[in-house]
Amino acid sequence: MSIFLAGAGPDPQAFPGIFDRFADDVRRHAGPGRTPRVAVAVHPGGGSLQDILEACAGPLRTRLGGAIVAVPLAAGSPADPTAFSGADGVVVGGGLTPAYWEGLRPAAAAVSRLVAGGTPYLGFSAGAMVAPRRALIGGYRINGVEVCGEECGEGLDAVDVRDGLGLVPFALDVHAAQAGTLSRAVGAVAAGLVERMVAIDEGTAIVLEAAGAGDYRVIGSGNCWDIRQTGGTAAVSVSVRAAG
């Protein structure tokens, strides 16, 4: 089963393919004659928890007709690991990456075990960024120098890399071309914060066939920018991959 990591939040009008493919994987994982059960973790940020939940779960409900288990993430109320028990799919929404990281920490091992066992995972924006073994959480400066706009820092000053969910062996950034975070991804690799980073455009996702896979497919309308160290922490190579 697959891991889907999207470069923006859920938008079934602009990017229906990601919901279609994830729903297909969930259906196969559940097996014939069984109603799929999908755990959807969302953080309200400054908005409505119900609206954010519906943006992630609504398109799946119409495709699967199964049970949606809401896993709300709020300050001081992190995810209960048992909320993911028996799930046939895991969805993590978009918003403030530090808040998702904090809310999912107690359930990280449970989610990792599920996905390692073949449960499909779908992460939108923040839900993609927290998925790697070493995850970029936010920030806009490296060694005191701006590497992207302050508005992309998510409340953090220095670019911050922490232990993530452990699903992906390389770090991720999102909204790459549209928000200008591609420069942060390049800067993080050049500074040696991570050895490899994949920056994903909006309307685009990468698909890994299994937890820990080093390669991926690209789906959607944009590019993915694969950035790696080449011979030293100050030297990087960048390859551009599109759907095809």
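The criterion of at least 2 residues that are over 18 Å from Ala39 (Cβ atoms) and in contact with a strand residue (DSSP E or B) (Cβ under 9 Å, 6 or more places away or on another chain) is met by the following helices (runs of 4 or more DSSP H) wholly inside region 87-202: 97-104, 176-179, 182-190. Considering every residue within region 58-68, establish whether at least one is of a type outside the set (D, E, K, R), closer than 19 Å to Gly7 by Cβ and in contact (Cβ under 8 Å) with a residue 60 or more places away in the chain. Among the residues of region 58-68, not one is of a type outside the set (D, E, K, R), closer than 19 Å to Gly7 by Cβ and in contact (Cβ under 8 Å) with a residue 60 or more places away in the chain, which makes the answer no. Take the conditions of a type in the set (A, V, I, L, M), open to solvent by less than 50 Å² (accessible area, probe 1.4 Å) and in a strand (DSSP E or B) and apply them to Val26. Does it pass? So Val26 fails the test.
Checking region 216-231 against the condition returns a match, with at least one residue being assigned to a loop (DSSP other than H, G, I, E, B), of a type in the set (Gly, Ala, Ser), more than 18 Å from Arg141 (Cβ to Cβ) and open to solvent by 30 Å² or more (accessible area, probe 1.4 Å). Residues of region 2-20 that are part of a loop (DSSP other than H, G, I, E, B), open to solvent by less than 20 Å² (accessible area, probe 1.4 Å) and out of contact with any Ser or Thr (no Cβ under 8 Å at 6 or more places or on another chain): Ser2 alone. When region 105-131 is examined, which residues are found to be crowded, with 24+ Cβ neighbours inside 10 Å and in contact with a Pro (Cβ under 7 Å, 6 or more places away or on another chain)? Once the filter is applied, which keeps residues that are crowded, with 24+ Cβ neighbours inside 10 Å and in contact with a Pro (Cβ under 7 Å, 6 or more places away or on another chain), region 105-131 yields only Phe124. The residues of region 1-46 that are among the small types (Gly, Ala, Ser) and within 16 Å of the chain's Cα centre (by Cα), listed by number, are Ser2, Ala6, Gly7, Ala8, Gly9, Ala39, Ala41. Candidates Ala75, Ala87, Ala23: the one that is of a type in the set (A, V, I, L, M), modelled with pLDDT of 95 or more and farther than 30 Å from Asn223 by Cβ is Ala87.
The values are calculated or read from the model by the stated rules, or taken from the named source; none is laboratory data. Here the structure is a predicted model, which means the values were calculated and not measured. Every residue, glycine as well, gets a Cβ built from its backbone with ideal geometry; the counts of neighbours run over all protein chains shown. We work out accessible area using only protein heavy atoms, side chains counted, and drop any ligands, DNA or RNA first. Shrake-Rupley method; radii C 1.70, N 1.55, O 1.52, S 1.80 Å.
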